[in-house]
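Everything on this sheet refers to the single structure shown next.
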Amino acid sequence: MNGGAKLLYLYLGRRGAMPRFTLDLMRAAPAPVLIAAQSELAGAFDALPGPVVKARLFASGPGAMLQAWRIGALRRALARLIKETRPDAVVELMPHLWSPFLEDVPRRMGVRRLAVLHDWRRHPGDLSGLANAWLTGSALRADRIITLSRYVADLARAARPDLSARITPLFHPDFPAETRPRAEGNRPLRVLFMGRLLAYKGLDLLVQSAAEAKHAGVALEISVCGEGDIRALRAPLAALGATVVNRWLSQDEIHRALQDCDVVAATYKEASQSGVVAAAFGAGRAVIATPVGALPEQVDDEHTGLVTRDVSAGAIAAALRRFAEQRDLLSHCEAEIARRAPQRSMAAFAAALAAAA
């Protein structure tokens, strides 16, 4: 990060991919950070050089209003950390419901504010996106708006051309993980579908495509891991002989699931960029992705995975068949993922972030 700005990280969420994102960023590029005390990974930050400040926020939806009296303490904690560490910029790694109440703190102290804008619009079935206008509005008022893909940057610029000069597209870095070589031999292709099981993620497309591929004689083993309502798919998943873990997974469980698979399916019906793809690459696993959103930016077709010709069960089935029957292609993708890892690393992202500030 030589020559870049001195940063302070801010992330107030509790669970999901972003606590891991923040932790990995801190490990790659240590900086002062303000996190939620209720974060599922809050304890892991204790081993970092810091300074790490943990603020108590709310732990449930109603708490956003019932615990609003904590906002004053949160503002003071941020101001103290800025005063003590004297950063050039505060980077809000993901908007939070209380973000608008913190916007003026860096500005009043003469510090630039950067905001990472993950999505431009709400995805179907994602209830957290109901606050999208509130969160997006806060991000758009930042001195510099960072996106994790060109796709989201282009959407934001098209809707708000007046902000174009303040929008900087970067990339979604990989989540580093211990990699384990894929088991060789004449055996079924092990396919993992992972993450929040929401409608737009396209689990139904994977189920249909796997059934089609199996009917054509392709040997597959399907694993589905994540929290969400999949009652309508339980019977077809059982017919496929799929392994299903229908709950929130710990970080250790995510690592094991990635190590135990051959390929990760990102068969989305729509998307911005995908943390699941970043996790797959961090574990050295190739990805089958549909051509939506920024997925073609993340997955280099036939080099780090396969991008299907369209968003259909037939196209996904064809990709499943290719990886099942062309293990040399799968090996090539794994080698390319490893070769390109430094370009997608959290250290590279941290350097780009500091340069953008």
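Using only DSSP helix segments of four residues or longer, with each worth -39500 (n - 2.57), what per-residue ellipticity at 222 nm results for the chain after dividing by its residue count and rounding to 500?
-10500 deg cm²/dmol
Of VAL276, GLY293, ALA235, which is farthest along the charge dipole of the stretch 177-305 in the positive direction, counting Lys and Arg as +1 and Asp and Glu as -1 at C-beta?
My answer, from the dipole projection, is ALA235.
Choose one answer from GLY314, GLY43, GLY282: the residue with the largest mean-square fluctuation in a GNM of the chain with alpha-carbon springs under 10 Å.
GLY43
Please name whichever of GLY305, LEU148, PRO176 sits farthest to the positive end of the charge dipole of the chain, dipole taken about the Cα centre and charges placed at Cβ: Lys and Arg +1, Asp and Glu -1.
Of the listed residues, the answer is LEU148.
Ordered by residue, what ³J(HN,Hα) values in Hz, to whole numbers, does the stretch 346-357 give under the Karplus form 6.51 cos²θ - 1.76 cosθ + 1.60, where θ = phi - 60° and Gly and Pro are x?
Here the 3J(HN,Hα) series is 5, 5, 5, 5, 4, 5, 5, 5, 5, 5, 5, 6 Hz.
Need one number: the % of Cα-Cα pairs in the stretch 123-245 sitting beyond the 26 Å mark.
46
Most fluctuating residue of ASP46, ASP24, ASP154 in a GNM of the chain with Cα springs under 10 Å: which is it?
ASP46
Assuming 0.36 nm per residue, please report the length gained on full extension of the stretch ALA131 to ARG70 beyond their Cα-Cα distance.
Stretched fully, the ALA131-ARG70 segment lengthens by 20.0 nm.
May I ask you to compute the full-extension gain from GLU178 to LYS83, defined as 0.36 nm times their residue separation minus their alpha-carbon distance, rounded to one decimal in nm?
Gain on extension, GLU178 to LYS83, equals 30.4 nm.
Determine the dipole magnitude for the stretch 210-276: charges of +1 sit on the beta-carbon of Lys and Arg, -1 on that of Asp and Glu, nothing else is charged, the reference point is the Cα centre, and the result goes in debye to the nearest 20.
It works out to roughly 220 debye.
Can you tell me the dipole magnitude for the chain around its Cα centre, using point charges on the Cβ only (Lys, Arg +1; Asp, Glu -1), in Debye to the nearest 20?
Working: 45 positive and 35 negative charges, 259 e Å.
Computed about the Cα centre, the dipole is about 1240 debye.
Any chance you could give the angle, 0 to 90 degrees and rounded to 10, that helix 71-85 forms with the longest Cα principal axis of the chain?
Taking the Cα atoms of the chain, the angle to 71-85 is about 80 degrees.
For the residue pair ARG187 and GLU325, what label-to-label distance in nm results when each label sits 7 Å from Cα along the Cα-to-beta-carbon direction?
2.3
When the accessible area of the chain is computed with all protein chains present and a 1.4 Å probe, what percentage of it is carbon and sulfur?
53
Treating only the Cα positions of the stretch 264-357 as identical point scatterers, give the base-10 log of I(q)/I(0) from the Debye formula at each q in 0.10, 0.25 Å⁻¹.
-0.27, -1.29
If r is the Cβ-Cβ distance from ALA232 to ALA355 and R0 is 45 Å, what FRET efficiency results, to the nearest 0.05?
Working: r = 47 Å, r/R0 = 1.03.
So, using R0 = 45 Å, E works out to roughly 0.45.
Using a cut-off of 13 Å between beta-carbons, work out the net charge of the residues near PRO32 (Lys and Arg +1, Asp and Glu -1, PRO32 not included).
Working: positive: LYS6, LYS54, ARG80, LYS83, ARG86; negative: GLU84, ASP88.
Local charge sum for PRO32: +3.
Of the candidates ARG107, ARG160, ARG321, which one comes out as most mobile in a Gaussian network treatment of the chain with C-alpha springs shorter than 10 Å?
Ranking ARG107, ARG160, ARG321 by mean-square fluctuation puts ARG160 first.
Which of the lysines could a cross-linker span from LYS214 if the Cα-Cα distance has to be under 27 Å and same-chain partners fewer than 8 positions apart are dropped?
LYS201, LYS269
Quick check for me: using +1 on Lys/Arg Cβ and -1 on Asp/Glu Cβ, what's the dipole size of the stretch 130-248 about its Cα centre, in debye to the nearest 20?
For the stretch 130-248, the charge dipole is close to 120 debye.
Might you tell me the accessible area per residue for the chain, computed with a 1.4 Å probe and given in Å²?
Details: 15300 Å² over 357 residues.
The answer is 43 Å² per residue.
Only Cα pairs under 8 Å and at least 6 apart count here; give the relative contact order of the stretch 271-357 as a rounded whole percent.
After rounding, I find 26 percent.
For the chain, find the longest principal axis of its Cα atoms and tell me its angle to the long axis of helix 313-325, 0 to 90°, nearest 10.
70
Cα axis of helix 150-159 to longest principal axis of the chain: angle in degrees, 0 to 90, nearest 10?
60
The values are calculated or read from the model by the stated rules, or taken from the named source; none is laboratory data. Computed from a prediction, not measured in an experiment: that's the story for all the values here. For neighbour counting, all protein chains shown are included, and Cβ atoms are generated from backbone atoms with ideal geometry for every residue, glycine included. Surface accessibility is based on the protein's heavy atoms, side chains included, excluding ligands, DNA and RNA. Shrake-Rupley method; radii C 1.70, N 1.55, O 1.52, S 1.80 Å.
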